[in-house]
Amino acid sequence: MDLPCLDWVHHVEEKWAELSSEEKERFNLLTDIENLFNHGLLITCSDDVKSLSTISKTYSVQKCNVKASEFRLRGNLFFKLKDYGSAALHYSKGVCHADNCTEELSLCFANRSAALFYHGHYKACLEDIQRSLEAGYPNKLQEKLKTRRAACLAELKKHECSKTLNSDLQTNNRNLVNLHGVSVYFCPNKGRHVLATENKSAGEVLLQDEAFCSVLIPSKKTNIETSETDETFGTEDQHCHHCLRQSLSFVPCPKCSYARYCGERCRTDAWGLWHQWECTVGADLLATGVLGHLALRVALKAGEKEIQNLKKRNRTYSSLENDALVQLNLGDNCRNDPEHSNCFHGSSYQAIHSLLPHIAQHSPASRFLQVVTIAVLFRKLQGGPTPWASSKDEGVWQPEMSLLGATALRHLMQLRCNSQAVTALKVREERGSAVQSSSEIRIATAIFPVLSLLNHSCSPNTSLSFSTGFQSEPLNQSDAREGQTEHAKASHGAVMVTVRAAKDLPAGQEILHCYGTILYDRLSRDRMEVKQRQFHLQEQYFFSCSCQACRKDLAEGSPDAKEKMAAELKCVKCGKPLQVCSEGYVCSWSSCGHRIESPGVEIKLQALQRLLDQAVRLLEREKLDDALTILKSALSQSSCILTDTHPLRGQLADCMARVHATRERKREREDTRFVEDLLLCDLKTGEWSLAASHLKCSLIPIQAQFGEDSIELGRQLFKLTQLYFNGQDCVQALAVMPRARQLLSLHCDPHCEELMELEEMEHCLQALL
């Protein structure tokens, strides 16, 4: 929820509509950030504060032992089903909602320790046992905690050597960062941008950047009306609210039920940087949206002193030559320039502050929404502790503290063009399934100092991957000189982005990336037609795209959505491809000439989609035979009207593979002989073979959709390798593995889970040959 909730938007729209034409005109003439914010304070009042308070009640972050007990009892149900991961997450929700130092809190910690123990998280289990005792766990029940603690210590001692070795290996590998070969440049027509200073090969790391701030994107169901009954977990339930690391054992904010952290260190860091001020207005921040929250967080982290210094300096690049391409000095070289007019401070707040807010480009109504939102949030903050430790009179809001509101407003306007979605691979786990349904989802919105300088292309030459938690800190660009490879410094709580070359790049090539999923059709996930892309880019980012892909499409005349659809449709009578006609579609074979109206095509596609959705629901409930019957019917129907490249054919094939793999897994669970001696039994791989053959069919539409070098194709090949491996088809698994590794290496971290698993499978298969 990047934007404010609809109720708040409607409130501000009504306020805008009530303004006279003269008042709107006066507002439109304001172009200075501080003047805009001060005007916002003038036009907002206690009624606006009350309205936001009323709206934010839907997003309550108050602790409540009754809710904590409900989450604990729900966790008990999942524990009985041996779904220890879901049980732990329910217990974590109980931990966050429970009041401090209460028996309910101790019970939630104790129950979570049991789930973590059976999940194999022994260190986290020990920590929860200690927390439970400190919270006042009943004396009469403490004996079972002591027994669990002894079992944990025994398991940890058993695995101590191997775990230490693995941890050391991971730490050493992750600290190797190569950032040489790129630099920041400035020219008047492009502003600041990034160029390769040497030839780069596809898959090579171009730069790493650490987010200055990030904010988790809460689920749409983060409110009191659904939190009591909803069985799903949002990003806010599964990720640390500071470093974004995924976890099962969170420590809660001591004052609110929303914020949770993967450990004490993240909780302490977040409290010192921003949460001590955010906590009192947590519900209001959920109501006013992620971008407003992120804007405030950036201002709080920057601090009064840094903002005042930048305000006095008011640095621009206007002193540079009008028609020259200038390489900006970085790091230590900037000390030689007292004005800093030709410097770029990529690792400091200055890099964020210098991004353009594009005040004039925001529509008056949008600008008004931003101004009123920040002004009312500022008024709400005044009911809590004073920001910034440097304030002279602690506890008293001085007039100069309005700088916080003005700075937050500046960042909110910047974020329209400079926010970056942080994505993660979400795997939907069906019980017993060997083929997982995975998709890339947005888990947070962040702002990155260097990534924000990359210009857009509808056909980018880079790919992005994100890492969270305790990661490597990016090198200062001053250390990334020609021919150098340095070790990065460790940075706790860092949210990192790694930018890799998606294709070979010659020296002097600009580094470009795509600005987002708004440029792709929601249903087909194909790239939008050029005019649509340009419209969306102009609307959100305030520029008319003239990238190479757009110029090519405009010159050659790119096909519209209907023409693209026709290329993936077949005539139901003769099987030949369809063509667009005035009434809808017509068979391309003149001897046939069969026609079908557009609504008829849409009805058939919608029917197939409903069958797929129904099969997925049955698969999730392990009603495999019913799911298989529906999928066979859907595949038969789709083969009559869709070509092999249609995305729906790929989705049906993928689902069919998951059903066959789940059937095989279920059979294995029921066959005790299989469990007792996997290698000596007469293994039947019929279901594995069927699953692999269907998944192989899905490769064609995925390659057609996303390209032969796409991460989507790489992940599908990885899944195919898993199927061959599970079916002990060594030859096929080893044949697919190199291409899967090549594509994953092109886009992902060398130590990502998929690549590590490929390596393990390869060692195992080679041992069998």
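None of the figures in this text is laboratory data; all of them are computed from the coordinates on show. Being a predicted model, the structure only gives us computed values, none of them experimental. Note: ideal-geometry Cβ built from the backbone for every residue, glycine included; neighbour counts use all protein chains shown.
At residue 81 and residue 598, where each label point lies 7 Å from the Cα along Cα→Cβ, what is the point-to-point distance in nanometres?
4.4 nm
Is there a quick way to get the dipole size of the range 65-174? I mean about its Cα centre, with the Cβ of Lys and Arg at +1 and of Asp and Glu at -1; what is the value in debye to the nearest 20?
280 debye
Please name whichever of 132, 94, 114 sits farthest to the positive end of the charge dipole of the range 65-174, dipole taken about the Cα centre and charges placed at Cβ: Lys and Arg +1, Asp and Glu -1.
Toward the positive end, the furthest listed residue is 114.
Amide H neighbours of residue 422 under 5 Å, at least 5 residues apart or on other chains, H built in the peptide plane: list them.
Distant-sequence amide H within range of residue 422: 443, 444, 445, 446.
Counting Lys and Arg as +1 and Asp and Glu as -1, what is the net charge of the other residues whose Cβ lies under 10 Å from the Cβ of residue 740? Mind showing how you got there, number by number?
Values: positive: 715, 719, 739, 741; negative: 754.
Local charge sum for residue 740: +3.
Of the listed peptides 578-591, 111-124, 407-420, 639-652, what is their order by residue-averaged count of other C-beta atoms within 10 Å, with the highest listed first?
Going from most to least packed, we get 407-420, 111-124, 639-652, 578-591.
Add +1 for every Lys or Arg and -1 for every Asp or Glu among the other residues with Cβ under 14 Å from the Cβ of residue 630, and state the total. Before the final figure, lay out each step's value.
Numbers: positive: 610, 617, 621, 623, 632, 658; negative: 613, 620, 625, 626.
Spelling it out: positives minus negatives among the neighbours equals +2.
How charged is the neighbourhood of residue 594? Take every other residue with its Cβ under 11 Å from the Cβ of residue 594, and add Lys/Arg as +1 and Asp/Glu as -1.
Once positives and negatives cancel, what remains is +4.
If R0 is 56 Å, what FRET efficiency do you get for residue 268 and residue 626 from their C-beta distance, rounded to 0.05?
0.65
Going down the list 426/623; 604/632; 503/576; 666/696; 157/426, which pairs span over 25 Å between their C-alpha atoms? If you can, show how the numbers build up before the last one.
Numbers: 426/623 23 Å; 604/632 16 Å; 503/576 36 Å; 666/696 22 Å; 157/426 33 Å.
Table pairs above 25 Å Cα-Cα are 503/576; 157/426.
Could you compute Rg(Cα) / (2.2 N^0.38 Å) for the range 65-174, with N its residue count?
1.15
Hey, how many Å between the Cα centroid of the range 1-63 and the Cα centroid of the range 230-262?
First find each Cα centre; the distance between them is then 30 Å.
Tell me, what HN-Hα J-couplings in whole Hz come from the Karplus equation 6.51 cos²θ - 1.76 cosθ + 1.60 at θ = phi - 60° for each residue of the range 616-633, using x for Gly and Pro?
4, 5, 5, 4, 5, 8, 6, 8, 6, 5, 5, 4, 5, 4, 5, 5, 4, 5
Suppose R0 equals 60 Å. What FRET efficiency, 1/(1 + (r/R0)^6) with r the Cβ-Cβ distance, do residue 13 and residue 133 give to the nearest 0.05?
0.70
Let's test the formula: R0 of 51 Å, r as the Cβ-Cβ distance of residue 613 and residue 551. What FRET efficiency results, to the nearest 0.05?
Working from the Cβ atoms, E equals 0.80.
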